[in-house]
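Reviewing the structure listed below.
Bear in mind these aren't lab numbers, they're just calculated from the coordinates by the rules spelled out. Not measured: the values here are computed from a predicted model. When we count neighbours, we look across all protein chains shown, and the Cβ atoms used for this are built from the backbone with ideal geometry, even at glycine.
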Amino acid sequence: MSNQVLNNTGAEVQIKSPVQQPLQGKRFPISKYIAYLFLTVLCVIWIIPVIFGITTSFRSQAEVVSTGFRLLPVNWILDNYVTILNNTSTAPILRWLVNSIFIATTHTALVIVIISITGYGYARMNFKGRDTLFFTLLGISFFPGVVNLIPSYKIIDAFGWVNTEWAMIIPGLAGMGNIFLVRQFMKGIPKDLDESAKVDGAGDFRIYFSVILPLIKPVLIVCGLFSFTGSWNDFLWPVIVYTDVDKMPVTAGLLLLQDIYGNYRLIGQLMGSAILAIIPTLLLFLFAQKYFVQSINLNAGIKG
């Protein structure tokens with residue numbers, strides 16, 4: 001479609017009017033829908049046991065035994081949680097939660113300090129055998145942790161830390177996986193910043209605190225979240241080093257609950273205790289989700 005007009009010389013000129021172009025066929029993104037379907041199926045598989053555990057904690061024991069698998073209870077009750085919270089002698093769940101919060105928080109704080117300083121040494125400082133030492137320790141860390149159980153217990157026992165919170169806080173502070181992430185992130189930071197600081201008279205500690213530390217907050221958030229959840233969910237080690245009920249973290253306490261509640265088939269109380277145990281880490285990820293999603297992308301710290 002076009003319109004004819006006269007120009008300054010009197011000649012006719014055709015002016016094409018804008019015409020809606022036909023829609024070009026777009027390629028159907030079948031792979032995207034297959035991926036969404038696959039992730040949805042996985043989500044359903046993972047979330048149904050969690051929902052069933054939550055709803056079971058609100059069932060009476062008679063309903064648990066009689067109805068079998070039923071996603072929602074017939075009668076919602078709070079008796080299981082009342083029993084759990086009132087039991088402060090054989091199964092002090094609140095005390096265990098406080099112990100776990102103190103252990104995981106202290107462990108995470110120390111981990112952040114240690115891995116940031118260690119990563120700075122491996123990434124920004126030059127000394128003989130630096131890379132050889134780093135990769136040797138990294139290779140040793142690939143051995144399964146169960147190999148170190150007996151030596152670790154001997155060391156903890158020699159320090160007199162059995163049945164204390166230090167048995168949970170100190171081991172694993174210098175995890176090579178976290179140090180590797182921090183080192184790689186730091187290696188992506190231009191060294192021109194260090195040189196500029198040195199020109200101004202700053203030493204290594206001043207460069208670490210004033211220049212590097214503010215730039216590596218993203219990777220420290222990631223390592224902090226992993227360290228907190230790892231310390232909170234640790235099961236085998238606290239079972240080995242704790243025998244005092246009042247000093248146990250919640251994971252070791254849940255094993256004890258299997259003997260207290262499991263023998264009498266008190267499934268509601270057992271599931272209620274497990275739900276209470278996951279609330280702190282669930283809240284942590286809900287409040288830190290924004291920072292976690294932003295921080296998990298470590299491309300800024302890894303050279304391509």
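Taking 7 Å along the Cα-to-C-beta vector as the label spot, tell me the S141-W76 distance in nanometres, rounded to one decimal.
Result for the modelled spin labels: 4.5 nm.
Count the lysine pairs in region 86-301 whose Cα atoms sit under 26 Å apart, keeping only pairs 8 or more residues apart in sequence or on different chains.
Count of close lysine pairs: 10.
Compute the FRET efficiency between K154 and K187 as 1/(1 + (r/R0)^6), taking r as their Cβ-Cβ distance and R0 = 41 Å, and round to the nearest 0.05.
0.65
Within 10 Å, count the other beta carbons around each residue, average over each peptide in 176-186, 110-120, and list them highest first.
176-186, 110-120
So, in nm, how far is label I279 from label T83 when the simple model puts each one 7 Å beyond its Cα toward the Cβ?
It is 1.8 nm.
Find, among the trypsin sites (Lys or Arg not before Pro) in region 189-261, those assigned to loop by DSSP (not H, G, I, E, B) with at most 14 other beta-carbon atoms within 10 angstrom.
Those that pass, being in a loop and sparsely packed, are K191.
Can you work out the Karplus-derived ³J(HN,Hα) for every residue in region 218-229? Use 6.51 cos²θ - 1.76 cosθ + 1.60 with θ = phi - 60°, whole Hz, and x for glycine or proline.
x, 6, 5, 5, 4, 5, x, 5, 5, 5, 5, 5
If you find the alpha carbon centre of region 48-102 and of region 147-193, how far apart are they in angstrom?
Cα centroid to Cα centroid, the span is 35 Å.
Using the Karplus curve 6.51 cos²θ - 1.76 cosθ + 1.60 with θ = phi - 60°, work out ³J(HN,Hα) for each residue of region 197-204 in order, rounded to whole Hz, and write x for Gly and Pro.
So the J values, rounded to whole Hz, are 5, 5, 4, 7, x, 7, x, 4.
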